Amino acid sequence: MIISDFSDSKDASSDADEEVVSDTPMTEPNPEQKREIARWVAEGMGLSDVQKKISTDFGLVMTYIDVRFLVDDLNLTLADKEEEKPKEVSENNAETPSATDELNPKDGGVSVEVDPVTPPGAMASGSVIFSDGNHKQWTLDQFGRLGLSGGDEGYKPSDEDVVEFQKQLDAALRGKGF
């Protein structure tokens with residue numbers, strides 16, 4: 001009787017082992033999931049969002065770099081959505097009613113753009129076009145100090161432009177998660 005109980009428990013555990021083996025966690029998306037990922041990227045989703053969605057929708061845990069390699073392996077091109085976020089913020093501003101006006105400010109508008117790739121030593125960087133058409137590059141360092149460079153060496157923007165620049169820069173950086 002002890003032997004039969006032992007064999008019964010062994011059979012039960014072997015069935016459970018077979019289920020566990022067949023339900024091993026996947027480390028890579030299947031072809032159908034890859035098509036879905038390609039659709040997300042085509043819609044303009046960023047890598048970190050794709051990473052989160054893979055985890056929530058497919059139950060796969062992938063590192064950011066693994067997602068990046070997967071996107072490269074699938075020959076997908078990431079859309080540059082980051083450039084559109086500041087435009088959306090400034091579209092709410094009455095001085096810059098459209099994305100076209102943001103690139104060429106009219107009616108005294110100030111335009112701020114955030115670079116998609118940040119240079120070493122900076123938390124964020126980008127460019128600004130002041131209401132008089134002067135262009136400058138801006139950089140925000142890890143201590144929160146803002147620096148302007150490029151353009152006319154002796155140029156100083158008006159106080160109104162500085163205030164507007166600070167507002168738009170704040171809104172653009174908040175849109176990026178700063």
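The values are calculated or read from the model by the stated rules, or taken from the named source; none is laboratory data. Just so it is clear, the model here is predicted, and its values are computed rather than measured. Positions of Cβ are backbone-derived with ideal geometry, glycine not excepted, and every protein chain shown enters the neighbour counts.
Which pairs turn up if I take residues in the range 139-151 that are without any contact (Cβ under 8 Å) to a residue 12 or more places away in the chain and look for partners that are surrounded by 12 or more Cβ atoms within 10 Å (Cβ to Cβ) and among the polar types (S, T, N, Q) with beta carbon separation below 8 Å, at least 6 apart in sequence or on another chain? Final answer for the pair search is Gly147/Thr139.
Tally up the residues in the range 145-167 that are over 32 Å from the mean Cα position of the chain (by Cα) and surrounded by 13 or more Cβ atoms within 10 Å (Cβ to Cβ), please.
2
Count of the range 129-152 residues, restricted to those that are closer than 20 Å to Gly109 by Cα and of a type in the set (D, E, K, R), is 3. Scanning the range 60-76 for residues that are under 10 Å from Leu47 (Cβ atoms), loosely packed, with under 13 Cβ neighbours inside 10 Å and not hydrophobic (A, V, I, L, M, F, W, C) yields a single hit, Tyr64. Name the residues in the range 138-163 that are of a type in the set (Val, Ile, Thr) and either touching an Asp or Glu at 6+ places or on another chain (Cβ under 8 Å) or in a helix (DSSP H, G or I) (or both), would you? Within the range 138-163, Val162, Val163 meet the criteria. Applying the set (1) exposed (fewer than 10 other Cβ atoms within 10 Å of the Cβ); (2) modelled with pLDDT of 85 or more to Met45 leaves exactly one unmet item: (1). Condition check for Val110 on (1) modelled with pLDDT of 85 or more; (2) farther than 30 Å from Glu160 by Cα: one failure, at (2). Per the conditions (1) in a helix (DSSP H, G or I); (2) over 10 Å from Val112 (Cα atoms), the sole criterion not satisfied by Gln166 is (2). Checking every residue in the range 1-13 against the condition of being part of a loop (DSSP other than H, G, I, E, B) and either within 13 Å of Leu78 (Cα to Cα) or modelled with pLDDT of 85 or more (or both) gives zero matches.
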